[in-house]
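Novice: Have a look at this one.
The values are calculated or read from the model by the stated rules, or taken from the named source; none is laboratory data. Fair warning: this is a prediction, and the values are worked out from it, not measured in the lab. Positions of Cβ are generated from backbone atoms using ideal geometry, with glycine treated the same way; all protein chains shown enter the neighbour counts.
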Amino acid sequence: MKFSYSFFYPSFHVSCRYSRFCFLLLMIPASYIGIAQKKSLDTLYANEQMQVALFFPKPIQQAITGASQMSFTYNKDYPQQFGVLKATPGKSSNLLVIDQDQNVYSFLLQYQSTLSTLNYFFTLDDAIFKLKDTLTATNSLSNLQIASYDSLKAFKKFARYLLDRDLKVMKRTHKDGMRMKLYTVQYFNEKAFIKINLSNRSEVSFRPGEITISLQTKKQGKRKSMQRQLLPIDYKLQVPEIIYKGDEFNFILMVPKFTIPKNWQLTIEIKENGGRRNIQLVKKKAL
């Protein structure tokens, strides 16, 4: 294989805003990268004028490119066995694809103004390894297994990873001296990770109590009833017990994967434990 740690980690530092891509690299043990080095990476070429189709033996579960000038689109709602690659002029990058059978594919990407190949067909032999398999190798890797990506352990690691990432602020609100920020929602394996910043600019400490996250229809008239769908919080990371004057905290809430339909809105409400205050944030546009 043509890449090594010097190939992966520069992409991590440059493209850390691609949270799922960076986390997927961190979840791959170094010893498995050593196994993958036995395979050479194929280079795929694309441009902004032509659509290059990539066909895989199994439906695509996740995929991400290492740079913004390279895009790979695929059906996330109804997984299919192909995706479309496009590129604009810029430096070389890479593509990481995981199918529904946990086979991992990795490619180098380059922009090319004139293309000789518009369709790429891959087989299971093109995968660099399989995540759920127990691999046996001569270099003391017998009985080594990567944890399943749908496990709570993986979700906890991803949540802690996001806690330290600089994400874009999507929405801000304030009430009674309390300020709340909603960062860009991140998705990982059918779960949505909501990062919240809560700060206290009042004269009185604030104890977060009940937290509710819901999707509901927008108000469209006095006589129209509103529909509401609660999103259960499956996991919380570092929700503070008390926020003193001048303090602020970041925390993570994990809920089932969701989208905001037309004429609906996302509502996040935090009530004060033992008090009358509450702060509510409403996101009306798509995430």
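Novice: Quickly run through the stretch 233-284 and pick out the residues that are without any contact (Cβ under 8 Å) to a residue 40 or more places away in the chain and under 19 Å from the mean Cα position of the chain (by Cα).
Specialist: The answer is Ile233, Lys236, Thr259.
Novice: Does the stretch 55-75 contain any residue that is outside the structural domain of Phe188 (by TED's automatic domain parsing), within 19 Å of Phe188 (Cβ to Cβ), within 16 Å of the chain's Cα centre (by Cα) and at pLDDT below 80?
Specialist: Scanning the stretch 55-75 turns up no residue that is outside the structural domain of Phe188 (by TED's automatic domain parsing), within 19 Å of Phe188 (Cβ to Cβ), within 16 Å of the chain's Cα centre (by Cα) and at pLDDT below 80.
Novice: Taking the options Leu41, Leu24, Leu85, name whichever one is at pLDDT 90 or above, out of contact with any His (no Cβ under 9 Å at 6 or more places or on another chain) and of a type in the set (A, V, I, L, M). Step through it out loud before you land on a result.
Specialist: Numbers: Leu41 fails: at pLDDT 90 or above; Leu24 fails: at pLDDT 90 or above.
The unique qualifying residue is Leu85.
Novice: Among the residues of the stretch 247-270, which ones are assigned to a loop (DSSP other than H, G, I, E, B) and in contact with a strand residue (DSSP E or B) (Cβ under 7 Å, 6 or more places away or on another chain)? Can you show your working first?
Specialist: Residues of the stretch 247-270 assigned to a loop (DSSP other than H, G, I, E, B): 247, 257-263.
Hits for the stretch 247-270 are Asp247, Lys257, Phe258, Ile260, Asn263.
Novice: Right, here's the next one. Of the numbered conditions (1) among the β-branched types (Val, Ile, Thr); (2) buried (at least 18 other Cβ atoms within 10 Å of the Cβ); (3) more than 25 Å from Leu167 (Cβ to Cβ); (4) at pLDDT 90 or above, Thr114 satisfies every one except a single condition; which is it?
Specialist: So Thr114 meets the others, but not (2).
Novice: Then there's this: Since Tyr78 meets every condition but one in (1) modelled with pLDDT under 90; (2) under 20 Å from Gln186 (Cβ atoms), which condition does it not meet?
Specialist: (2)
Novice: Let me ask something else. Suppose we filter the stretch 58-88 for residues that are out of contact with any Ser or Thr (no Cβ under 7 Å at 6 or more places or on another chain) and farther than 18 Å from Thr259 by Cβ; how many remain?
Specialist: If we filter the stretch 58-88 for residues that are out of contact with any Ser or Thr (no Cβ under 7 Å at 6 or more places or on another chain), which is where we start, we get 58-64, 68, 73-82, 85, 87-88.
Then keep just the ones that are farther than 18 Å from Thr259 by Cβ; that gives 58-60, 63-64, 68, 80-82, 85, 87-88.
Residues flagged as out of contact with any Ser or Thr (no Cβ under 7 Å at 6 or more places or on another chain) and farther than 18 Å from Thr259 by Cβ within the stretch 58-88 amount to 12.
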